[in-house]
1. With Cβ to Cβ distances under 14 Å as the rule, what net charge do the other residues near Asn185 carry (K, R +1; D, E -1)?
2. Please work out how much accessible surface Lys77 shows to a 1.4 Å probe, ignoring ligands, DNA and RNA, in Å² rounded to 10.
3. At 20 °C and 1.002 mPa s, grab the translational diffusion coefficient of the range 99-243 from Stokes-Einstein with a Kirkwood Rh over Cα pairs, rounded to a whole number in µm² per second.
4. Within a Cβ distance under 15 Å of Gly165, other residues only, what is the Lys/Arg minus Asp/Glu net charge?
5. Just report the Cα centroid separation between the range 134-160 and the range 34-103, whole Å.
6. Please list Thr191, Thr79, Thr103 in order of solvent-accessible area, largest first, computed with a 1.4 Å probe with all protein chains present.
7. Report the number of Lys pairs in the range 77-233 whose alpha-carbons are under 29 Å apart, with separation of 8 or more residues or on distinct chains.
8. Using only the heavy atoms of the protein chains and a 1.4 Å probe, how would Leu243, Leu74 rank by accessible area, largest first?
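The values are calculated or read from the model by the stated rules, or taken from the named source; none is laboratory data. These figures come from a predicted structure and were not determined experimentally. Don't worry about glycine lacking a Cβ; one is built from the backbone with ideal geometry, like all the others, and counts go over all protein chains shown. The protein model used for the area step is the full one, side chains on, heavy atoms only, and it has no ligands, DNA or RNA in it. Shrake-Rupley method; radii C 1.70, N 1.55, O 1.52, S 1.80 Å.
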Amino acid sequence: MMTHGCLSRLSGALGVCVFVAIIRPAEAGPRAVVELFTSQGCSSCPAADKILGDLSRDPSIVALSMPIDYWDYLGWKDTLADNRFTARQKAYSQMRGDRDVYTPQVIVNGSAHVIGSDRAAIDNAVRDTKKNDDVMSVPVSMAVSGRQLNVSVASASANHPSDHGEVWICAISKAVPIAIGRGENGGREVTYHNVVRSWLKVGDWTGKAGTWAVPMENIAQDGVDAAVVYVQDGNRDRPGPMLGAAYTSLH
């Protein structure tokens, strides 16, 4: 285990999602989903949190912050952490066959992992993972109709052999400032970007075009001002490559 003062290193589905607004699908889908596993108790994480904020402003990137809980014992309990994020990070490691679970860690398109504070490595991973023809190859869109959120996933194309995946939707808080009282970041205020607040599996994709309707009363919660839907190969316990995703601001 590396010390948490540099890289903090150790040895998924969530609840619910989104809000109401008219959602206009983008003309072209994003090229990458970037997941940052971070912690308020990790001294090397604020630099990565800032990079994720920069990425969150790039329309070609779906950037997600997933705060973990395994450093809570160090003197400060992360106020945004969820043990399901920890389980997701470990599931990625198990799929890769390594023990590389650390903070700040970025997973790009469900496959490559890099240090979250290394912007060049993130950019390289986005480029490299796109060499897989299936990665981010499935068009995905969202729209609100009355009191429900409609999710649409296109069919697989003849050039892309993937024909299965899970469809997940996330409720997002675009910017959450946190005053950290103790621990390695004690006395600092850090803003966390695109924080996943809840997580809901809405269905299975079988390679054919599909639509799902999610009632708003099942997904709305305070502080949520954006939504993400993604299609991922594998399942919650064995996550694979990202096949498609969409992001929308709700306010």
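1. Result for the neighbourhood of Asn185: -1.
2. Lys77 has an accessible surface of roughly 140 Å² with all protein chains in place.
3. On the way: Rh = 17.1 Å.
Rounded, D is 125 µm²/s.
4. On the way: positive: Lys201, Lys208, Arg236, Arg238; negative: Asp133, Asp134, Asp163, Glu166, Asp204, Asp233, Asp237.
Overall, the nearby charge balance is -3.
5. If we compute the Cα centre of each part, the gap is 26 Å.
6. Descending accessible area places them as Thr79, Thr191, Thr103.
7. Within the range 77-233, the lysine pair count is 13.
8. These residues rank, largest area first, as Leu74, Leu243.
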